[in-house]
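No lab work stands behind these numbers, since they all come straight from the coordinates. For clarity, every value in this text was computed on a predicted model and none was experimentally measured. Please note: Cβ atoms are built from the backbone with ideal geometry, for glycine as well, and neighbour counts cover all protein chains shown.
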Amino acid sequence: MPQKLQALRKRPKWVVLGAAIVVLAAAGSGVWLLTRSGTPAVATTSLVVTASTGALRQTVSASGTIAPARQADLSFPVSGTVSTVSAEVGAKVVQGAELAQLGTTDLQAAVTSAQASADAAGTALTAQQAAGASSTQLASASAQVASANSRLASAKQDLADATLTAPFAGTIAAVNVAVGDRVGSSSAASGGSSSGGSSSGGSASASSTALVTVITTNSWIVNASVGSSDLAKIKKGLQAEITPTGSATPVFGTVKSAGIVASSSSSGSATFPVTIAVTGNPAGIYAGGTASVSITVKQLNDVLTVPTAAVRTSGGKTVVTVRKGGKDTETPITIGQVYGPSTEVKSGLKDGDQIVLTITRPGGGTGRTGRTGGTGRTGGGFGQNGGFTGGGFNGGGLNGGGTNGGGR
């Protein structure tokens, strides 16, 4: 094998698009059939595949969780007793819609008292100004006015905060509060039952537990993660293919951001967060669902490829066997890069040429089970991990290089 061909086998995973997929799948099926039944000591078969022009994509695979593009976890910033709850799980709301409210008797009384204090301070300042009070007296009176006005503004804000409203148009995802609950930064929610199967609080304070959650259901993101070896390839705006778990139909999106601070995965390795914005509002997307993601980090168009297994060295030249008019001819070619099970051909072939792929498999005997072939590492080509179950024909060999004890 040429040195260039051997070295380029270590490149990242690529996906080959176009007619080569069908041809290589057929080749893989032929190999599988050969290994299913008893064979002579050496079994050889020839498959005819087609050199084809198509697109090559280098991808990075990841998995992630689907989340709404916007989510608001709402709680009352003031203490009080819940008097009304308008929110219902699943209900659609417009921006500014009232979701829940506290009793306002005490809060309204606080506003009234603060208003009276502010009025009195203003009157006192006006009187001192009319009486020609000293600058020190005027300064003190002015400070009292400012303080009273500040308390009035705070009381009015508390009254306004007694009503939870939707910050944007969306859907109610959770309601964890009921009429009669006592809430606030220093009071735990108590009593009542919640909607949506969540606890109404019980022992959790409002400062740490959202009472009402609003989400968007017409725009989504996927929160995924990649390893450090792939992070440098991930850029904002890259195209991504997203397959929700349980669905056979992919949806599409673009990379929104890539984090630079690592977190540890369950295996202990460092991973980096990647956020992908889902394009449009496709069906079958649900908050909290999982999905597999394939991010295209590089794409080459109009590349002529042949199966890597068809390429060999003969007489110091890189060749393939071409079948034309029923005759097989050894044809020199110039190759480019190797993408797992596919090799780029720069010259010597044209699109549609019929290539003979000869497969030899060790047959019977009582030796130990053959080891996995060496050329089909994980991530070499098609599929989620970039290969036909590992980058070649079932591991680069023929079902591991032997048939249940018939290998080496």
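Want the number for residue 45 to residue 120: 0.36 nm per residue separation, take away the alpha-carbon distance, what's left?
16.7 nm
Within the stretch 290-367, list the trypsin sites (Lys or Arg not before Pro) lying in a DSSP loop whose Cβ has at most 16 other Cβ atoms in a 10 Å radius.
The qualifying sites are 350.
Report the net charge of residues surrounding residue 152, where surrounding means a beta-carbon distance below 14 angstrom and charges are Lys +1, Arg +1, Asp -1, Glu -1.
Within the 14 Å Cβ shell, the charges total 0.
Per-residue HN-Hα couplings for the stretch 143-159, Karplus 6.51 cos²θ - 1.76 cosθ + 1.60 at θ = phi - 60°, whole Hz, x for Gly and Pro?
5, 5, 5, 4, 5, 5, 5, 5, 5, 5, 4, 5, 5, 5, 5, 4, 5
Convert 10 °C to kelvin, take the viscosity as 1.306 mPa s, use the Kirkwood radius over C-alpha pairs of the stretch 284-363 as Rh, and evaluate the Stokes-Einstein diffusion coefficient in µm²/s, rounded to a whole number.
104 µm²/s
Taking the Cα-to-Cβ direction at residue 296 and at residue 256 and moving 7 Å from each Cα, how far apart do the two end points lie in nm?
Placing both labels 7 Å along Cα→Cβ, they lie 2.1 nm apart.
Once amide H atoms are placed 1.01 Å from N in the peptide plane, what residues at a sequence separation of 5 or more from residue 70, or on another chain, have their amide H within under 5 Å of its amide H?
Hits under the 5 Å cutoff: 216.
Quick one: grab Rg to one decimal and Dmax as a whole number for the stretch 240-347, Cα atoms only, in Å.
Rg then Dmax for the stretch 240-347, in Å: 21.6, 60.
I'd like the distance separating the alpha-carbon centroids of the stretch 321-338 and the stretch 36-112, in whole Å.
One Cα centre to the other: 51 Å.
Can you put 231, 138, 99 in order of Cβ neighbours within 10 angstrom, beginning with the fewest?
138, 231, 99
For residue 143 and residue 229 in the same chain, what is the full-extension length gain: residue separation times 0.36 nm, less their Cα-Cα distance, in nm?
Extra length from residue 143 to residue 229 when fully extended: 24.8 nm.
For the peptides 257-263, 174-180, what is the packing order when you average, over each peptide's residues, the other Cβ atoms within 10 Å and list the highest mean first?
So the peptides 257-263, 174-180, ranked by packing, come out 174-180, 257-263.
Are there trypsin sites (Lys or Arg not before Pro) in the stretch 213-290 that DSSP puts in a loop and that have at most 15 other Cβ atoms within 10 Å, and which ones?
Answer in residue order: 235, 236.
Can you flag which of 236/346; 317/350; 256/298; 92/236; 327/350; 236/350 are past 27 Å Cα-Cα? Kindly include the intermediate steps, with their values, before the conclusion.
On the way: 236/346 32 Å; 317/350 18 Å; 256/298 17 Å; 92/236 32 Å; 327/350 17 Å; 236/350 37 Å.
The answer is 236/346; 92/236; 236/350.
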